[in-house]
Every structure is written in structure tokens, then in C-alpha cells.
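Each remark here refers to the structure printed beneath this line.
Quick note: the coordinates plus some simple rules give every number you see, no bench work behind them. What you are looking at is a predicted structure, and each value in this text was computed from that prediction instead of being measured. We place every Cβ from the backbone using ideal geometry, glycine too, and count neighbours over all the protein chains shown.
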Amino acid sequence: MQNIKINKYYRKTINYIEHLGDIRYSGQLIFVVIIILVTWSGIRSIETNYKLQRQIATLNQQNQLQQIDNTNIDLGNQYLNSNQYLDISARQNLGLASPGEQELLVPKSVALNYVVPSPVKQIKQSVTSSKPSNYQSWLDFFLHRNEFSTKS
């Protein structure tokens, strides 16, 4: 049984080798191999070019970001060298004033009377004061009570 299978494959192999002797068959086989190699090479070069283009785009973006950072630093340096910054710095750090200005000292209690309360604090206080207990929240959840239906 195995001998029959081996003979069958042996005959096919011999037949294939005889076909290789034919110039037309050999030429077609060589042509197909060349086409496959050229296609493979083209695909690899396209893939390499795509990777390189992505790297170039990434580096260009990093370059633009660095240029923007440099511009910001330059603008910050220009501000630090300006007379306006020197004036503000002298007022804050050294307690100096321009000629002709007078310093007014206002007590903290008087100053706080004219400060408008922050709306964020008022919202936080109203939320915390109207918030139900944790037990009540769970009870409402399990009994399918809507928060909106209990308030109306």
C-alpha cells in the first residue's frame, strides 16, 4: 500500500522534472518567481516609506511644539524685562510706590465687608443642606422612587 503511494508521488515528481526541461514551462516559472520577488520588494519599500513618513510627521509636530515653547519663553523674557513688570515687582516685593502715590491701610474686617461671596460656596452649602441621608437614598433606590417625583 505504501509502496503504491510512493510510486505515485515518484511518478509525479519525475513528470514535474521533465516539465522543467521544457523552455516554455521553465520560462513561465522563472517569470512568476521574478514577479513575486518584485512585488514583495515593492511592498516592503512602500511599508518602509510609510513608517518613515510617520516618523517625519511626528518629528515635525515635535519641532513645531518646541518652536511654540521657545516663542512663549521669549515673550516671557520680554515681559520680565519690561518696565511694567519692574513696577509691579517693586510694589509687591519691595513695598515701593511711584512718586506721588500714598499707601492706604484698610483693616481686614472693613475690606471683607465689600467682598461679594463666592457663588460656588453658596451652591455647595445648598447641596449639602438638601442632601438626603445615605439610608434614605438607598431606600429610594430600591423602591424605585425618582428624586424628581419626591420633590414635586
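Is the shape of the chain rounded, prolate or oblate, going by the alpha carbon gyration tensor and its root eigenvalues a ≥ b ≥ c, with a/c under 1.5 for rounded and a/b larger than b/c for prolate?
Because a/c hits 1.5 or more and a/b fails to exceed b/c, the chain counts as oblate.
Return one number: the angle in degrees, 0 to 90 and rounded to the nearest 10, between the long axis of the Cα atoms of helix 119-129 and the longest principal axis of the Cα atoms of the chain.
Once rounded, the angle reads 80 degrees.
Once fully extended, how much extra length lies between S82 and F31, figured as 0.36 nm per residue of separation less the alpha-carbon to alpha-carbon distance?
So the chain would gain 10.8 nm between S82 and F31.
With the Cα gyration tensor of the range 1-50 giving a ≥ b ≥ c as the square roots of its eigenvalues, does the rule (a/c under 1.5 for rounded; else a/b larger than b/c for prolate; else oblate) give rounded, prolate or oblate?
Note, shape of the range 1-50 comes out oblate.
Would you mind checking the tilt of helix 2-20 against the longest principal axis of the Cα atoms of the chain, expressed as 0 to 90 degrees and rounded to 10?
The answer is roughly 90 degrees.
Looking at the square roots a ≥ b ≥ c of the eigenvalues of the Cα gyration tensor of the range 2-89, which shape do they give, rounded for a/c under 1.5, prolate if a/b is larger than b/c, or oblate?
In terms of gyration-tensor shape, prolate.
Work out the count of Lys pairs in the chain where the Cα-Cα distance is under 30 Å, with the pair 8 or more places apart or on different chains.
6
Find how much the distance from S89 to R44 grows on full extension, using 0.36 nm per residue of separation minus their present alpha carbon separation; answer in nm with one decimal.
10.0 nm
Could you give the nm distance between label points at Y114 and T13, where each point is 7 Å from its Cα heading toward the beta carbon?
10.6 nm
Against the longest alpha carbon principal axis of the chain, how many degrees, from 0 to 90 and to the nearest 10, is the axis of helix 23-80 turned?
10 degrees
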